[in-house]
Amino acid sequence: MDIVLNAVRPLRCLVLTLAVAALGCHAQTGAQAAGPEAGGKLSPELARRIEVMIRSQSEVPPEYAISISDRKKSDVPGYDQVTVSFSANGNTSRPSNFLVSTDGKTLAQFKKFDISEDPKNKVSSAGRPARGGPESAPVAVVVFDDLECPYCAKLNAALFPAVVERYKNQVHVVYRDFPLSQHPWAMRAAIDANCLAAASPAGYWNVVDYVHAHSGEIGGDERSVAKANSALDKLVEDEGGRQKVNAADLEACIKKQDDAKVKESMKEADALGVESTPALFINGEKVEGAIPMEYIYRVIDGALTAAGQTPPPAPVEPAAAPAPGTKPGS
């Protein structure tokens, strides 16, 4: 477990509403806040200094009364714990814990974060078609993808082949499904691609690359969902033929449109706080959006270093072309 001390920052979530169930930044309950034996009474002068600081940093309106408990021993050497509650109009907030230094000069917030688990284990890459290195590679890049998402298309074009060529077997890249509700054929695309994934990983990636590169064309000029669905089915069936996949099994899978695995992936994404696509998890570190590759390289390099491996040299930017009419060497 690690302990983080932060200087008091604006805590506007404490004063947005004064409903007992809603107020507080995930504070402990009163029973949890009771703590061990008292660390000492809080003098009126120190209590006022704490209240003034909280009001100024949190922009607490004057009609809100602030109650501050006596000092109690904390887990942090040199600090006692006090519990702060807000009340107005007969309602009282859930208590929030603060730390006060034993010399009475510093107010801080106290929160513990469990860092005992490797973040890489939070996001599974098992059972998915992969690019790059094996599942045992030191870095796993898990991308929650929407095949109708234009930003996902940009990221897909930037990632491949750049990441695989640069990191080779050091990085294991997989896509998980997170089709957004505003994209009418994204779910169909995910299901169809998954029908091919188990039988032909290469075919799966061919479909992913093609759909991302041509998503603006799928459905025709009229953006017909029916035409898009038909085009996706044919695309996957044709790719299955090229990969010599059992045609009857593939056709049956496409016809069934079983969305269970896609919804399972979406549920896991929700639990991980994914709200938009693309969302990458690089050894568990979330990176959202179609951001420049240099930032993705930086996160991958950091993950490699943490795993005890040396990242490859940074890619060399191509030299700028000379201006028209400029002679070589001039």
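Note on region 72-206: lysine pairs with Cα distance below 24 Å, sequence gap of 8 or more or different chains, count 13. Distance from the C-alpha centroid of region 134-154 to that of region 108-130: 17 Å, rounded to the whole angstrom. Potential lengthening of the chain between Asp118 and Ala65 amounts to 14.8 nm, from the contour at 0.36 nm per residue minus the alpha-carbon distance. So if we plug the beta-carbon distance of Ser43 and Val164 into 1/(1 + (r/R0)^6) with R0 = 45 Å, what FRET efficiency do we get, rounded to 0.05? Efficiency for this residue pair is about 0.10. With a Förster radius of 22 Å applied to the C-beta separation of Asp103 and Asp75, the computed FRET efficiency comes to 0.75. Across region 119-306, the relative contact order, built from alpha-carbon pairs under 8 Å that are at least six residues apart, equals 31 percent. Rounded to the nearest whole angstrom, the semi-axes of the ellipsoid equivalent to region 201-321, taken from the Cα gyration tensor as √(5λ), stand at 34, 20, 17, largest first.
Each Lys or Arg adds one and each Asp or Glu subtracts one; over the other residues with Cβ under 12 Å from the Cβ of Gly203, this totals -3. So for region 54-213, considering every pair of alpha-carbon atoms, how many percent are separated by more than 24 Å? Percentage above 24 Å: 57. At an R0 of 25 angstrom, the distance between the Cβ atoms of Lys111 and Asp270 translates into a FRET efficiency of 0.60. For Glu288, the amide hydrogen comes within under 5 Å of the amide hydrogens of Leu280, counting only partners 5 or more places away or on other chains and with H modelled in the peptide plane.
Values quoted throughout were computed directly from the atomic coordinates according to the rules given, and no laboratory measurement underlies them. This structure is a prediction, so every number in the text was calculated from the model and none was measured. Neighbour counts are summed over all protein chains in view; Cβ atoms, including those assigned to glycine, are modelled from backbone coordinates with ideal geometry.
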